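Enquirer: Below: one structure in structure tokens.
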Amino acid sequence: MLARDSLGAIRPVTQLKRWSATLVANAVSTYALDTASTVSGVLLVASGVFSGTGFQTAVVLLGVSYVLWGYGLSSSLTANWRLLEATGTSTSLLSKLAYDLGRTRRAGTRQLLSAAGYVAFELAKESPYYIGAFGLAFASDLVSGEEALVFLAGANIGAAAYEYGLGWSTRILLQRAEDGGYASFEKEWSPADYLAGYYGAIDADEHHTIAFFTEAARRMPADEPALVFGVGPTLHHVFPLASRASEIHLGDFLRCNLDEIAGWIRKDEGAHDWQPFVSYTLQCEGVADPTHADILDREQLTRAGITRLLEVDIRNDRPLGNVEARYATVLSAYCADSATADLGDWQTYMRRIVGLVRPGGTLLIAALGQTQGYFVGAKAFPSPFLDGTDMEDMLRDYFPEAELTIRLVPVPECAAHGYSSIILAAGHRKAGDSAVADLRGSPLG
Ligand SMILES: C[S@@+](CC[C@H](N)C(=O)[O-])C[C@H]1O[C@@H](n2cnc3c(N)ncnc32)[C@H](O)[C@@H]1O
């Protein structure tokens, strides 16, 4: 677990360190692959299992060994992609080079490029075996063509085992690293602790965030569905959307957060009291002194407007699962940046969130500034040390300059939570002619 005063002090690993780590990993993995392949090839020939079984059998064996190799390769390719995205390093030089060259491209393209680099390098490592085995077979009587094929099949089986093992161990290492520094959402997130720690009163960060969202919501497309992505157990960012959206879908990774919201919709006893936040939203909208009736009206409008609670996962290419939708408005506050400490992951997650906004639609974002994490009770959750330029670099490709607002707001009052600034962003996408999925009238659930 991170110490409280260490938050913010940990810097991302430099490119130089990433390349050095990749060079070392590349050398070690090449050596390990060579050893595994050679030993396995020699053992298969020496075992005599396939001696005298004929040329055709050797060809079939070689074919089977390629299927195994492909299986092992798919395991290491998946792990290599996760390694690149999580750490910017790879066990393959060519894969890292392809990944870095494609840095500004979409995640799918980067994945393809890094996979192509990886496979090309692995194939290049295979060539000495072919030259050696067939060279020997042609040049001397010591090795027959059949034995050369059996040797290659054995080498492939060794390579398959190596690739599978590499993929498996990389995934385990990444999982440990992910679990090691920060608390886990799946195992350690407590909606009650979060609400008690952050939403007993309106803190400085939320004064700014709600005011910003309320202002930006004036320009969101009216009478169309809106999505709040990574809503947590909270409603305070939903109130500014309620008077403009035709309906609102709320998505979060954790069922327990959505259950908390369902309890508020049902008016369960013990549901969190959001009335101070409703009142503040109305003030931001220009109601000087909201009455109790005004507050109840907005609560009622919000309850009626929420038509779906969705389980989502920003780590997936399709963060909404099977729901194929693009929204006129997407609001995501302290989600993509609160789900990872890695800048590359954050960029990937943000691209996915932007992808949920239909052409002509509005995106509203809030993120923590310049911190490696935030506290919920005594537990530290991650953040990728963002500053305003990270947000600008991220969003400027998607939004015309005149339609993008980014603010870095100091909130020293929040230092005890682990951060002292926030980044607020609003963008309006260019209109296009893409079809918009019809989201109206879908059931709550
Ligand atoms: C700091 S909370 C923010 C909640 C709320 N938006 C707010 O402003 O208070 C971070 C949220 O991100 C969600 N989250 C974590 N991992 C996620 C993932 N892989 N996909 C989607 N949401 C995730 C958590 O469940 C949590 O609700």
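The values are calculated or read from the model by the stated rules, or taken from the named source; none is laboratory data. Everything quoted here is computed from the prediction, not taken from an experiment. No Cβ is skipped: glycine too gets one built from the backbone with ideal geometry, and neighbour counts run over all protein chains shown.
Enquirer: Return yes when residue 49 is assigned by TED's automatic domain parsing to the domain that holds residue 143, in a loop (DSSP other than H, G, I, E, B) and surrounded by fewer than 18 Cβ atoms within 10 Å (Cβ to Cβ) and no when it is not.
Expert: yes
Enquirer: Suppose the filter is assigned to a loop (DSSP other than H, G, I, E, B) and more than 14 Å from the ligand (Cβ to nearest atom); does residue 316 pass it?
Expert: When the stated conditions are applied, residue 316 does not pass them.
Enquirer: Within the set of pairs 6+ apart or on separate chains, which have a first residue in the range 226-239 that is on the phi < 0 side of the Ramachandran plot, a second that is modelled with pLDDT under 95 and more than 7 Å from the ligand (Cβ to nearest atom), and C-beta atoms under 9 Å apart?
Expert: From the range 226-239, the pairs are 227/325; 227/439.
Enquirer: Taking the range 282-300, which residues are more than 16 Å from residue 210 (Cβ to Cβ) and exposed (fewer than 14 other Cβ atoms within 10 Å of the Cβ)?
Expert: 288, 289, 291, 292, 293, 296, 300
Enquirer: Residues in the range 205-234 that are within 18 Å of residue 376 (Cβ to Cβ) and not hydroxyl-bearing (Ser, Thr, Tyr): how many?
Expert: Final tally of qualifying residues: 6.
Residues checked against (1) under 30 Å from the mean Cα position of the chain (by Cα); (2) β-branched (Val, Ile, Thr); (3) not assigned by TED's automatic domain parsing to the domain that holds residue 106:
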residue	(1), (2), (3)
246	yes, no, yes
251	yes, no, yes
268	no, no, yes
279	no, no, yes
284	no, no, yes
287	no, yes, yes
302	yes, yes, yes
314	yes, yes, yes
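Enquirer: Right, here's the next one. So if I check each of 362, 389, 340, which one is at pLDDT 95 or above, in the same structural domain as residue 211 (by TED's automatic domain parsing) and touching a Ser or Thr at 6+ places or on another chain (Cβ under 6 Å)?
Expert: 362
Enquirer: Limited to the range 191-239, what total is found for residues that are part of a helix (DSSP H, G or I), crowded, with 23+ Cβ neighbours inside 10 Å and away from the ligand (no atom under 13 Å from the Cβ)?
Expert: Residues in the range 191-239 being part of a helix (DSSP H, G or I), crowded, with 23+ Cβ neighbours inside 10 Å and away from the ligand (no atom under 13 Å from the Cβ): 1 in total.
Enquirer: In addition: So which residues in the range 326-355 are more than 12 Å from the ligand (Cβ to nearest atom), in a loop (DSSP other than H, G, I, E, B) and touching a Lys or Arg at 6+ places or on another chain (Cβ under 9 Å), if there are any at all?
Expert: 326, 355
Enquirer: Take residue 301 and tell me if it is at pLDDT 95 or above, at negative phi and within 13 Å of the ligand (Cβ to nearest atom).
Expert: Taking the combined requirement at face value, the residue does not satisfy it.
Enquirer: Anything in the range 112-155 that is outside any helix (DSSP H, G or I) and within 19 Å of residue 61 (Cα to Cα)? List them, or say none.
Expert: Residues satisfying the conditions are 143, 144.
Enquirer: Can I ask one more? Which pairs do you get when a residue that is exposed (fewer than 15 other Cβ atoms within 10 Å of the Cβ), found in the range 60-83, comes within reach of a residue that is part of a helix (DSSP H, G or I) and of a type in the set (Gly, Ala, Ser), reach meaning Cβ atoms under 7 angstrom, with the pair 6+ apart or on two chains?
Expert: These pairs meet every condition: 71/160.
Enquirer: Can you find even one residue in the range 365-379 that is of a type in the set (Gly, Ala, Ser), surrounded by fewer than 17 Cβ atoms within 10 Å (Cβ to Cβ), within 16 Å of the ligand (Cβ to nearest atom) and modelled with pLDDT under 95?
Expert: Checked against the condition, which is being of a type in the set (Gly, Ala, Ser), surrounded by fewer than 17 Cβ atoms within 10 Å (Cβ to Cβ), within 16 Å of the ligand (Cβ to nearest atom) and modelled with pLDDT under 95, the range 365-379 yields at least one hit.
Enquirer: Going by the conditions given, is residue 399 more than 14 Å from the ligand (Cβ to nearest atom), of a type in the set (A, V, I, L, M, F, W, C) and either closer than 20 Å to residue 221 by Cα or touching a helix residue (DSSP H, G or I) at 6+ places or on another chain (Cβ under 6 Å) (or both)?
Expert: Considered against the rule, which asks whether it is more than 14 Å from the ligand (Cβ to nearest atom), of a type in the set (A, V, I, L, M, F, W, C) and either closer than 20 Å to residue 221 by Cα or touching a helix residue (DSSP H, G or I) at 6+ places or on another chain (Cβ under 6 Å) (or both), residue 399 comes out as yes.
Enquirer: Quick check on residue 308: is it touching a helix residue (DSSP H, G or I) at 6+ places or on another chain (Cβ under 9 Å) and either basic (Lys, Arg) or crowded, with 18+ Cβ neighbours inside 10 Å (or both)?
Expert: No: the conditions fail for residue 308.
Enquirer: OK, next. Does residue 136 fit the bill of being surrounded by fewer than 18 Cβ atoms within 10 Å (Cβ to Cβ) and either in contact (Cβ under 8 Å) with a residue 60 or more places away in the chain or in contact with a Leu (Cβ under 9 Å, 6 or more places away or on another chain) (or both)?
Expert: Yes; evaluated as a whole, the condition is true for this residue.
Enquirer: Right, next: Working only within the range 253-266, note down all residues that are in a helix (DSSP H, G or I), of a type outside the set (Gly, Ala, Ser) and more than 27 Å from the chain's Cα centre (by Cα).
Expert: Listed by number, the residues that qualify are 264, 265.
Enquirer: Anything in the range 241-264 that is out of contact with any strand residue (DSSP E or B) (no Cβ under 9 Å at 6 or more places or on another chain) and hydroxyl-bearing (Ser, Thr, Tyr)? List them, or say none.
Expert: 243
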